[in-house]
Amino acid sequence: MELNGKASIVTGGGSGIGRATALALAREGVRVIVADRDEPGADETARQIRSAGGEARTAPGDVIWPPYFEELIETCERTYGGLDILFNNAGVATGLPPFPDGDLSRWELTLDVNLYAVILGTQLAIHAMRRRGGGAIINTSSTAAISGVEIDPVYAASKGGVLLFTRSLAGLKERDGIRVNCICPGVVETPFVLSAEDPELRALAERLPTLQPEQIAEAVLDLLRDDEAAGKALVVSASRPRGYL
């Protein structure tokens, strides 16, 4: 995909991988809608894009609420003429106390944000991209989807669902010209990890080799440019070789 001039939505764009990817897209000439429930964070991402000469606007809200996601895509179509790229990146950890001792609402939220919202956004984006004549969707999974993670099994399950959901949509490339892929980051130095309430998660980040959000952003751009990739999972980790699963 030639990126210059395309229109995109980045969820979870107010910090970490989302912000780094929104900035990287804008540097390539992509117009960006920054979606995040953290309105100040989204505003800061958009400010940085505009300061660098890019085009961006914000859309604060919660991706698990269907009317919000519908309006998000409608806004992109009204503002930029269509939707070319969706980066389904918003994500949460389950937090403390760890499973099975945590409250039901904690793991429900993890599944809602990490998996349900990805399915919802992908469904809505496919309809928009059909109107556009094609496009690309990147979902954020995790290396936890491959090997599991004892400190947060619900998080691992949600990311495993994203991986299999992505693989199941490979046929859209031939039918509709829509490529759905996912990235599987290892441990990344983001607020998600560094400010985690679980001391085991913070200790894991200190013990294992880590990546910067900008390295994941570059992998997202690589997936967008690879016109042959469909239903693929790209592993990007400091502790294992980079490549497709």
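Bear in mind these aren't lab numbers, they're just calculated from the coordinates by the rules spelled out. The model shown is predicted, which means the values in this text are computed figures rather than measured ones. Note that we place each Cβ from the backbone using ideal geometry, even for glycine, and neighbour counts take in every protein chain shown.
At 7 Å along the Cα-to-beta-carbon direction for both A238 and Q48, put a label point, then send me their distance in nm to one decimal.
Going by the 7 Å Cα→Cβ label model, 1.8 nm.
Among T190, F69, A125, which residue has its Cα positioned farthest towards the positive end of the charge dipole of the range 7-244, with +1 placed on the Cβ of Lys and Arg, -1 on the Cβ of Asp and Glu, and the dipole taken about the Cα centre?
Positive-end residue among those listed: A125.
So for the range 7-244, averaging the separation of alpha carbon pairs under 8 Å that are six or more residues apart and normalising by length, what relative contact order in percent results?
The value is 19 percent.
Once the Cβ-Cβ distance between D62 and L96 is put in as r, and R0 is 22 Å, what FRET efficiency do you end up with, to the nearest 0.05? Present the calculation step by step, with values, prior to reporting the outcome.
Working: r = 22 Å, r/R0 = 1.01.
Here the calculated transfer efficiency is 0.50.
Taking Cα centroids, how far is the range 19-54 from the range 68-109 in Å?
17
Return the aspartates and glutamates within reach of K232: Cα separation strictly under 18 angstrom, same-chain partners fewer than 8 residues apart disregarded; answer none if there are no such residues.
Answer for K232, where 18 Å is the Cα cut-off: E174, D176, E218, D222, listed by chain and number.
At q = 0.09 Å⁻¹, what base-10 log of I(q)/I(0) does the Debye formula yield for the chain when every alpha carbon is treated as an equal point scatterer in vacuo?
-0.34
At a Förster radius of 25 Å, what calculated FRET efficiency corresponds to the Cβ-Cβ distance of R130 and D226, to the nearest 0.05?
Numbers: r = 21 Å, r/R0 = 0.85.
Computed FRET efficiency for R130 and D226 comes out at 0.75.
With a 10 Å radius around each residue's Cβ, average the other Cβ atoms per peptide and rank 71-78, 117-124, 238-245, highest first.
Output ranking for 71-78, 117-124, 238-245: 117-124, 71-78, 238-245.
Where does each of 223-236, 31-44 land if you order them by average Cβ count within 10 Å, highest first?
Answer by packing, highest mean first, reads 31-44, 223-236.
What are the ³J(HN,Hα) couplings of the range 172-185, residue after residue, when phi is run through the Karplus curve with 6.51, -1.76, 1.60 and θ = phi - 60°? Round to Hz, x for glycine and proline.
These are the phi-based 3J(HN,Hα) values: 5, 4, 6, 6, 10, x, 10, 9, 10, 9, 9, 9, 10, x Hz.
For M1 and E74, compute 0.36 nm times the residue count separating them, minus their Cα-Cα distance, and round to one decimal in nm.
24.0 nm
Going by average Cβ density within 10 Å per residue, which order do the peptides 89-95, 51-57 take, highest to lowest? Don't skip to the end; give the middle numbers.
Values: 89-95: 22.4, 51-57: 14.9.
Order by mean packing, descending: 89-95, 51-57.
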